Amino acid sequence: MPDNLSAPRGTADIYPPESARWNELETRIRALAERYGYGEIRTPLFEATELFVRGVGEQTDIVTKEMYTFTDRGGRSMTLRPEWTAPVVRAALEHHLFASGPLRLYYIGPIFRYERPQKGRYRQSHQFGVECFGFAGPEADVEVISLAWDLVRSYGIADASLNLNSLGDAVCRPRYRQALLDHFQPHLEAMSAESRARAQRNPLRLLDSKDPDDAPYIASAPVPESFLCAPCREHLDAVVQYLELAKIPFFVNPRIVRGLDYYERTVFEITSSVLGAQSSVCGGGRYDGLVASLGGPAVPAVGFALGLERFLMILQARDAQRETPRSGVQVVALGAQARTILVPIVAELRRRLREPTFVDYGDRKLLAHLKLADRNRARYALIAGSEELARGELVLRDLQERRDRAMPLGEPRVVAERLEAEL
Ligand code: ATP
Ligand code: MG
């Protein structure tokens, strides 16, 4: 294949056996979200560019340098979805979904960001996320955090940590912002160019810098907790208490600021040491002002987005030592006569069994068939050779226990029933 036809940088093809891991994760996510009473929303892959400029904030990294923006044939500026929250709010407004009270939605699908591809960072990646609209109190914050944490816990991921912070609100955030600016101002010359650029626009983002030049000034920066107004303080305390009640372990981490402009009060991230530099697998928080800023009513909201690629990387690291469990049957036909006899049996097995039925139609030796069975991670091999057929039998080999058993050859339905009872 010529080089210029390969998949674009920062994108990935997903194929077996990897695609099975994606399906398993997505199935579990859907079941979890539905158990929490969240309904799925799907929105277009592209939207009017203005939605993201306004929704995500003009000065965020996403808008200034990461968007895939193009002009369509009608001369309109369109952007591939770089995040889901603004489209979800747009759709909820467009279809008057806020009119009937609180609203709980989840989504699962691709996002597009023009980033430098590296481990855990891609140009097309996939997110699962939830948005809970209509509750200003700390209960909703804890509900969405619990949902994310349940997913982590259901996979028994041991090295994940939940980091929690409060960014304050319109009342107290300006004071914190000013305090940060005063703190960083005298050092800006010594800090990274990126931080110098960010200082005026949003000094909170300086706390997010990974540049080693910035580290000493970040370490000594004031923390938001000491600036919180009384209602924000109470909100944070209540979130902390609810999390303790729910026995969800967490750290209050004053350096969590999140990349998007719309967060207020609660912000949180779930990180894992497995991920290296891109350590965050899930990020979220409260964004009470967003719905109104997109032209809607004042609807409080809280949500998160979780990266599926990074989540699967964590699972992969955990499972590296584990073998994929065997499941299903490899049907082995040795010779043309056996093949003819087995074709209707295969069809019947595929109708009856929940586990997969594998078959190879090639003329191969037993050993070659068994190699394929191993590659397919089949639990059993159902073998038909000429000697067995002459006796009116098939051989069922348990590939895990390494045991053979003779099975009478009969009507396909009867063979399938017997096998079903074995599995
Ligand atoms: P980062 O600090 O790693 O750039 P972010 O703050 O941009 O993350 P969010 O916009 O909050 O991330 O997205 C939530 C989650 O989506 C991240 O924690 C990550 O798991 C995933 N994610 C975001 N961007 C990418 C990407 N380019 N490639 C893979 N996953 C991503
Ligand atoms: Mg990013």
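The values are calculated or read from the model by the stated rules, or taken from the named source; none is laboratory data. Quick caveat, the model's predicted, so the values are computed rather than measured. Using ideal geometry, Cβ is built from the backbone for each residue, glycine included, and neighbour counts are taken over all protein chains shown. Calculation scope for accessible area: heavy atoms of the full protein, side chains included, ligands and nucleic acids excluded. Shrake-Rupley method; radii C 1.70, N 1.55, O 1.52, S 1.80 Å.
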- Message: Between 105, 93, 162, 151, which is touching a residue at least 40 places away in the same chain (Cβ under 8 Å), farther than 15 Å from residue 285 by Cβ and within 14 Å of ligand 1 (Cβ to nearest atom)?
- Response: 151
- Given segment 349-423, what strands (runs of 3 or more DSSP E) lie entirely inside it while holding 2 or more residues that are under 13 Å from residue 333 (Cα atoms)? 357-359, 380-384, 393-398
- Among residues of segment 186-196 being open to solvent by less than 50 Å² (accessible area, probe 1.4 Å) and in contact with an Asp or Glu (Cβ under 9 Å, 6 or more places away or on another chain), the residue farthest from residue 58 (Cα to Cα) is 191
- Note on the structure: Given (1) more than 16 Å from ligand 1 (Cβ to nearest atom); (2) within 22 Å of the chain's Cα centre (by Cα); (3) not small (Gly, Ala, Ser), residue 138 misses just (2)
- Residue count, segment 22-42, condition crowded, with 17+ Cβ neighbours inside 10 Å and out of contact with any Ser or Thr (no Cβ under 9 Å at 6 or more places or on another chain), comes to 5
- Item | Criterion: assigned by TED's automatic domain parsing to the domain that holds residue 304, at pLDDT 90 or above and farther than 17 Å from residue 146 by Cβ - qualifying residue of 264, 269 | 264
- Message: For segment 197-213, which positions are more than 19 Å from residue 163 (Cβ to Cβ) and surrounded by 15 or more Cβ atoms within 10 Å (Cβ to Cβ)?
- Response: 198, 199, 202, 203
- Over segment 68-120, the set of residues open to solvent by 60 Å² or more (accessible area, probe 1.4 Å) and within 16 Å of ligand 2 (Cβ to nearest atom) is 68, 114, 116, 118, 119
- Considering every residue within segment 376-395, establish whether at least one is loosely packed, with under 14 Cβ neighbours inside 10 Å, basic (Lys, Arg) and either over 33 Å from the mean Cα position of the chain (by Cα) or at positive phi (or both). yes
- Message: Please pick out the residue among 258, 198 that is within 16 Å of ligand 1 (Cβ to nearest atom), assigned to a helix (DSSP H, G or I), within 20 Å of residue 183 (Cβ to Cβ) and in contact with a Leu (Cβ under 9 Å, 6 or more places away or on another chain).
- Response: 198
- Select from segment 266-287 the residues that are open to solvent by 40 Å² or more (accessible area, probe 1.4 Å) and either more than 16 Å from ligand 2 (Cβ to nearest atom) or in contact with an Asp or Glu (Cβ under 6 Å, 6 or more places away or on another chain) (or both) and list them in ascending order. 273, 274
- Message: Can you list residue pairs whose Cβ atoms sit under 9 Å apart, with the first residue in segment 210-222 being over 15 Å from residue 182 (Cα atoms) and the second being in a helix (DSSP H, G or I) and open to solvent by 80 Å² or more (accessible area, probe 1.4 Å)? Count only pairs 6 or more apart in sequence or on different chains.
- Response: 211/194; 214/194
- Query: In segment 260-294, which residue that is touching a helix residue (DSSP H, G or I) at 6+ places or on another chain (Cβ under 8 Å) and free of Cβ contacts under 8 Å to residues at least 40 places away in the same chain is nearest to residue 164 (Cα to Cα)?
  - Reply: 280
- Message: Under 6 Å between Cβ atoms, which residue pairs at least 6 apart in sequence (or on different chains) link something in segment 59-87 that is within 19 Å of residue 282 (Cβ to Cβ) with a partner that is away from ligand 1 (no atom under 12 Å from the Cβ) and open to solvent by 50 Å² or more (accessible area, probe 1.4 Å)?
- Response: 81/45
- Task: Take the residues in segment 295-309 that are touching a strand residue (DSSP E or B) at 6+ places or on another chain (Cβ under 8 Å) and over 20 Å from residue 164 (Cα atoms), then tell me which one is farthest from ligand 2 (Cβ to nearest atom).
- Result: 299
- Query: Could we say that residue 258 is assigned by TED's automatic domain parsing to the domain that holds residue 61, within 16 Å of ligand 2 (Cβ to nearest atom) and not hydrophobic (A, V, I, L, M, F, W, C) here?
  - Reply: yes
- Working only within segment 135-160, note down all residues that are open to solvent by less than 10 Å² (accessible area, probe 1.4 Å) and small (Gly, Ala, Ser). 140, 148
- Message: Against the definition (under 20 Å from residue 62 (Cβ atoms) and open to solvent by less than 10 Å² (accessible area, probe 1.4 Å)), how does residue 125 come out, yes or no?
- Response: no
